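To keep things clear, I will list the structure first and then write my remarks on it.
The values are calculated or read from the model by the stated rules, or taken from the named source; none is laboratory data. The model shown is predicted, which means the values in this text are computed figures rather than measured ones. For neighbour counting, all protein chains shown are included, and Cβ atoms are generated from backbone atoms with ideal geometry for every residue, glycine included.
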Amino acid sequence: MKVLIMGCGRVGAQLAGLLDAESYKVTVLDISASSFRRLEPTFGGTALVGNGIDEEMLRRAGIEETDIFVALTQGDNRNVMAAQIAKHIFKVPRVICRIYDPLRQELYDTLGLEAFSPTTIFAQLVKEKIES
Amino acid sequence: MYIIIIGGGRVGYYLGKALLDEGHEILIIEKNAAFCNIITEEMGSVCICGDGCEAATLEEVGTGRADMLVAVTGDDEDNLVACQVAKYKFKVPRTIARIRNPQNEHIFKTLGIDVTVSATNIILEVIEKEVPTHPLTHLLTLSDKDMEIVEVRIPPKAVTIGKSIKDLSIPAGSKLALIIPKDHNPHLPTPRTILREGDQIVVLTTPETEKNLRTALTGI
């Protein structure tokens, strides 16, 4: 299984490490090379510097052969655009997208994007902790 | 018309001014408070400070009754999302997005944005028109039918000069509409019309067959 992760922040880097350890073929794309310091030294996948909302860059990152695309940059709109390019232009079979803003997450969910909002999930989690 | 403009930078500012002068009701949504103050001082209360991609902000300014939303921030992704939220959540009939990267034009079309405007493409089109050696010029794009109207100029020494139209292999998707000779009156092309140097030929064609059309008419 080939996975392309856009955004090598804390979540992106950790996910890359987890999947790499389970024999997924992982490529991480980030706009800044310094983000790759977050990758574990044992990481065996590919790290590429580039803009994930640039069609040409995505092609170079191998999106045409990718099975799973995950958008995890800091920008909601950037994630939304990249995820839609992956889904509608490159027809990637599985596309997952992080959207912090719960309202925008809801909208794109109804538009068929597999989007999740860490804001909603974490708030719910904390509430459950308090109530338990 | 009620027109909402996302982004109060230079493009949004002058666009807002021009639309106000034309008698439209406008509202500018801008993130930067300093820009908002300048706009409010000069144009009155037509600007609110906020994020134009956020549904809550759009709700607040009555996007549901807007006739058009124009997103002209400096970031393509922000313009895309603002237009999509307006179109799919608030059912705004027309959405227009400014794009910086000309490659994004077809992506935006695929994702449901009605019209995109790219300064890069506009300048390229002007160059095409201004440089007479370029044999094919785009005149008009009929985006809903995926067709375009182009003008092909027959260059000097073209191998097709002196040939009649029926002897050329014009691609199936292209229809010759009009011939404007260098020093005669314009006329409608027939299969027996003979091409002359300097003829301007107006053709209805598709973006895919454009290259074959140019080759058929000019040999280039």
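Yes/no matrix, rows are residues, columns are (1) closer than 26 Å to B:V126 by Cα; (2) assigned to a strand (DSSP E or B); (3) without any contact (Cβ under 8 Å) to a residue 12 or more places away in the chain; (4) not polar (S, T, N, Q):
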position	(1), (2), (3), (4)
B:E148	yes, yes, no, yes
B:E151	yes, yes, no, yes
B:I161	no, no, no, yes
B:K166	no, no, no, yes
B:A172	no, no, no, yes
B:L178	yes, yes, no, yes
B:T190	no, no, no, no
B:G198	yes, no, no, yes
B:L204	yes, yes, no, yes
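Answer yes or no as to whether A:V80 is in contact with a Phe, Trp or Tyr (Cβ under 7 Å, 6 or more places away or on another chain), in a loop (DSSP other than H, G, I, E, B) and either more than 13 Å from chain B (Cβ to nearest Cβ) or surrounded by 15 or more Cβ atoms within 10 Å (Cβ to Cβ) (or both).
Numbers: in contact with a Phe, Trp or Tyr (Cβ under 7 Å, 6 or more places away or on another chain): yes; in a loop (DSSP other than H, G, I, E, B): no; either more than 13 Å from chain B (Cβ to nearest Cβ) or surrounded by 15 or more Cβ atoms within 10 Å (Cβ to Cβ) (or both): yes.
No.
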>> Of the conditions (1) surrounded by 13 or more Cβ atoms within 10 Å (Cβ to Cβ); (2) out of contact with any strand residue (DSSP E or B) (no Cβ under 7 Å at 6 or more places or on another chain), A:R94 satisfies every one except a single condition; which number is it?
In response: (2)
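Name the residue, out of A:A47, A:A33, A:A123, A:A61, that is touching a strand residue (DSSP E or B) at 6+ places or on another chain (Cβ under 9 Å), surrounded by fewer than 15 Cβ atoms within 10 Å (Cβ to Cβ) and more than 14 Å from every other protein chain (Cβ to nearest Cβ).
Values: A:A47 fails: surrounded by fewer than 15 Cβ atoms within 10 Å (Cβ to Cβ); A:A123 fails: touching a strand residue (DSSP E or B) at 6+ places or on another chain (Cβ under 9 Å); A:A61 fails: surrounded by fewer than 15 Cβ atoms within 10 Å (Cβ to Cβ).
Every option except A:A33 fails the conditions.
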> Of the residues B:P171, B:P135, which single one is modelled with pLDDT of 90 or more, under 15 Å from B:E210 (Cα atoms) and not polar (S, T, N, Q)?
Replying inline: B:P171
>> Suppose the filter is more than 24 Å from B:R100 (Cβ to Cβ) and either in contact with a helix residue (DSSP H, G or I) (Cβ under 9 Å, 6 or more places away or on another chain) or in a helix (DSSP H, G or I) (or both); does A:A86 pass it?
In response: no
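Checking the structure you have, find out if any residue of region B:104-115 is more than 21 Å from the chain's Cα centre (by Cα) and surrounded by fewer than 19 Cβ atoms within 10 Å (Cβ to Cβ). Can you show your working first?
Filtering region B:104-115 down to residues more than 21 Å from the chain's Cα centre (by Cα) leaves none.
No, every residue in region B:104-115 fails to be more than 21 Å from the chain's Cα centre (by Cα) and surrounded by fewer than 19 Cβ atoms within 10 Å (Cβ to Cβ).
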> Looking at (1) part of a helix (DSSP H, G or I); (2) surrounded by 17 or more Cβ atoms within 10 Å (Cβ to Cβ), which is the only condition A:L18 fails?
Replying inline: (2)
> Does any residue of region B:89-106 turn out to be in contact (Cβ under 8 Å) with a residue 24 or more places away in the chain, closer than 26 Å to B:E208 by Cβ, of a type outside the set (K, R) and more than 12 Å from chain A (Cβ to nearest Cβ)?
Replying inline: yes
>> Condition (residue is at positive phi and outside the structural domain of B:A97 (by TED's automatic domain parsing)) applied to region B:154-164: is it met by at least one residue?
In response: yes
